[in-house]
Structure formats: structure tokens, C-alpha cells
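Student: My questions all concern the structure below.
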């Protein structure tokens with residue numbers, strides 16, 4: 001299995017776009033899944049799954065909602081970002097770890 005150090009080295013050598021922090025969080029969260037000897041596969045999977053850096057999943061759900069379009073002020077009180085985040089986790093495979101959101105699906 002490729003080590004985290006090998007993945008970090010591949011990330012740096014090949015100028016992938018993922019940050020060291022995001023790659024570390026991704027690798028440590030999904031290490032059991034990456035039964036591969038190819039560090040590049042791990043870095044590419046991280047790039048594909050990476051959605052951004054957020055304080056928590058609710059912040060991601062809020063930004064995702066705001067990116068859809070203008071939300072009228074009177075509707076903002078009805079949006080439950082905690083429940084949206086839960087649904088994103090359960091239905092779409094999103095996860096938050098160490099300040100980063102990923103969705104490998």
C-alpha cells in the first residue's frame with residue numbers, strides 16, 4: 001500500500017492541485033480504502049473528491065445552497081443546513097474531516 005509520504009511526494013513532484021492538508025486528511029480518513037501501491041491514484045482520487053475547506057459540513061451546505069442562486073431573505077429562516085449536511089452525507093457520500101469536505105462518489 002502506498003504510504004502517505006509517497007502520496008505527498010507524488011503530489012509535490014507532479015504539481016497536483018490538492019493541498020498537503022487536504023491530501024493528509026483524505027488519506028487518513030480513507031486509508032483502509034486505498035489498498036493500492038500507486039501514490040498517484042491516491043492523489044488523483046483526492047483531487048476528484050475534494051470539495052473545499054470548511055469549518056464544518058453545515059458551512060459547506062450553506063455555501064452550496066447560496067451558489068444555486070439568490071435566496072430571498074424571508075426564506076433563509078426555513079433552511080436547515082444541519083439537516084441538509086446530514087442528507088448529503090447519507091445520500092451522496094459527502095464527508096468532512098480535519099477542515100475539508102470530500103465526496104468520492
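Student: Can you compute the radius of gyration and Dmax for the chain, using only the Cα atoms, both in Å?
Tutor: Answer for the chain, Rg first and Dmax second: 15.8, 52 Å.
Student: Another question, then. Which value in nm describes the separation of the simple spin-label points at residue 4 and residue 89, placed 7 Å from the Cα toward the beta carbon?
Tutor: Roughly 2.2 nm, to one decimal.
Student: By how many nm would the segment from residue 40 to residue 63 lengthen if fully extended, with 0.36 nm per residue of separation less the alpha-carbon distance?
Tutor: Contour length minus the Cα-Cα distance gives 5.3 nm.
Student: In percent, how large is the relative contact order of the chain, given Cα pairs closer than 8 Å and 6 or more residues apart? Before the final figure, lay out the partial values.
Tutor: Details: 117 pairs, mean separation 33.3, N = 105.
Averaging sequence separation for qualifying contacts and normalising by length gives 32 percent for the chain.
Student: Please rank 20, 62, fewest neighbouring Cβ atoms within 10 Å first, as an exposure proxy.
Tutor: Details: 20 11, 62 18.
Ranking 20, 62 by Cβ neighbours within 10 Å, fewest first, gives 20, 62.
Student: A follow-up question, please. Cut-off is 10 Å between beta-carbons; in what order do 84, 1 appear when sorted fewest neighbours first?
Tutor: 1, 84
Student: Please rank 37, 30, fewest neighbouring Cβ atoms within 10 Å first, as an exposure proxy.
Tutor: 37, 30
Student: If you fit an axis through the alpha-carbon atoms of helix 4-13 and take the longest principal axis of the Cα set of the chain, what angle between them do you get, 0 to 90°, nearest 10?
Tutor: Once rounded, one gets 90 degrees.
Student: Related question: By how many degrees, between 0 and 90 and to the nearest 10, does the Cα long axis of helix 81-92 differ from the longest principal axis of the chain?
Tutor: 50 degrees
Student: Still on this structure, I have one more. Taking the chain as a Gaussian network, where each spring joins two C-alpha atoms under 10 Å apart, which residue of 25, 61, 82 fluctuates the most?
Tutor: 82
Student: Kindly state, to the nearest 0.05, the FRET efficiency for residue 79 paired with residue 53, given R0 = 22 Å and r defined as their beta-carbon distance.
Tutor: Result of the calculation: an efficiency of 0.50.
Every number here is computed from the coordinates shown, using simple stated rules; none is lab data. Because the structure is predicted, anything quoted here is derived from the model rather than measured. Using ideal geometry, Cβ is built from the backbone for each residue, glycine included, and neighbour counts are taken over all protein chains shown.
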